[in-house]
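A short worksheet on the structure shown next.
The values are calculated or read from the model by the stated rules, or taken from the named source; none is laboratory data. This structure is a prediction, so every number in the text was calculated from the model and none was measured. Don't worry about glycine lacking a Cβ; one is built from the backbone with ideal geometry, like all the others, and counts go over all protein chains shown. Surface areas here come from the heavy atoms of the whole protein model, side chains and all, with no ligands, DNA or RNA. Shrake-Rupley method; radii C 1.70, N 1.55, O 1.52, S 1.80 Å.
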Amino acid sequence: MRVVFMGPPGAGKGTQAVELARRQGVPHLSLGDMLRQAAAEGSELGLRAREFMERGALVPDQVVVGLVEERLGRPDCQAGFVLDGFPRTLAQAEALERILARQGRGLDAVLNLEVDDESLVERLVGRRVCRRCGQNYHLRHRPPRRDEVCDVCGGELYQREDDREETVRRRLEVHRANSAPILGLYRAAGLLRAVDGRGGVEEVAAAVSRAVGEGAGP
Ligand code: AP5
């Protein structure tokens with residue numbers, strides 16, 4: 001299965017992409033996570049990317065396209081992948097098409113998670129992430145059992161630098177400015193599936209499952 005998750009910041013792409021990838025037994029490729037990891041390792045690419053991310057701006061296309069191309073070329077992506085947070089510009093969408101065409105394949109579906117702006121702000125401002133294993137929490141919707149401690153690995157929970165309200169609103173603007181042409185491209189190709197992302201995590205997971213035809217049989 002080769003699937004792309006689209007949708008504004010906080011729509012639940014990461015939450016749902018992890019689960020779909022696990023169910024399908026394919027890798028989950030989150031561009032945000034890859035860039036944050038590069039920044040934490042202190043590589044030149046990572047430090048450059050961090051400047052853009054902290055402002056809520058997009059990292060330049062050539063940087064993210066290079067990362068995706070390298071990652072999709074690895075053997076574990078042969079059986080499929082769930083891409084989360086890529087493409088975010090028309091140039092990235094075109095690059096993805098070229099990369100997959102060179103590998104003799106294409107996408108199966110593009111899921112667009114739809115959620116209203118005020119819920120997105122509330123979700124992101126309340127998000128906490130484990131520093132050690134990356135598990136996601138929400139202070140209200142998905143609280144950890146112990147304050148500021150990860151249920152999975154006991155690591156410390158923190159708030160992402162770009163999850164402060166002002167930066168969240170900037171990220172929403174950037175998303176609005178860039179997403180329409182990409183959605184148009186995938187709609188015209190018959191790949192786009194709109195998924196209502198407003199319900200609880202389980203409810204949205206069921207909608208994602210239906211959108212990709214899981215359990216639908218031959
Ligand atoms: P990235 O890390 O990808 O951030 P994003 O797209 O802004 O998405 P988020 O991770 O914030 O949200 P999400 O939709 O994954 O929601 P989540 O599941 O976590 O990118 C960060 C930055 O990297 C970008 O701003 C940019 O600078 C750069 N970048 C990344 N990709 C790039 C690219 N292709 N090109 C250029 N630059 C790029 O959920 C959010 C919260 O809500 C969590 O707390 C969660 O627990 C909660 N939640 C989830 N689902 C529900 C639900 N159904 N009900 C209630 N709460 C829920």
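Details
Matching residues to (1) open to solvent by less than 10 Å² (accessible area, probe 1.4 Å); (2) within 11 Å of the ligand (Cβ to nearest atom):
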position	(1), (2)
Val18	no, yes
Gly25	no, no
Leu47	no, no
Met53	no, yes
Glu69	no, no
Leu72	yes, no
Leu90	no, no
Ala93	yes, yes
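Rundown of residues vs (1) of a type outside the set (Phe, Trp, Tyr); (2) within 13 Å of the ligand (Cβ to nearest atom); (3) in contact with a Lys or Arg (Cβ under 9 Å, 6 or more places away or on another chain), yes/no style:
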| position | (1), (2), (3) |
| --- | --- |
| Gly104 | yes, no, no |
| Gln135 | yes, yes, no |
| Glu156 | yes, no, yes |
| Arg170 | yes, yes, yes |
| Val174 | yes, yes, yes |
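- First in the stretch 131-160 and of a type in the set (Lys, Arg), second anywhere and assigned to a loop (DSSP other than H, G, I, E, B), Cβ under 8 Å, 6 or more apart: Arg131/Gly155; Arg132/Cys150; Arg132/Cys153; Arg132/Gly154; Arg132/Gly155; Arg140/Gly126; Arg145/Asp151
- Looking at Arg88, Arg131, just one residue is basic (Lys, Arg) and touching a strand residue (DSSP E or B) at 6+ places or on another chain (Cβ under 6 Å), and that residue is Arg131.
- For the stretch 160-171, taking the residues that are among the acidic types (Asp, Glu) and either farther than 20 Å from Arg50 by Cβ or open to solvent by 60 Å² or more (accessible area, probe 1.4 Å) (or both), the one that is modelled with the lowest pLDDT is identified as Glu161.
- Here the condition is being at pLDDT 95 or above and not in a helix (DSSP H, G or I); of Leu185, Leu157, it holds for Leu157 alone.
- Residue satisfying condition, being open to solvent by 40 Å² or more (accessible area, probe 1.4 Å) and among the β-branched types (Val, Ile, Thr), within set Val195, Val201, Val115: Val201
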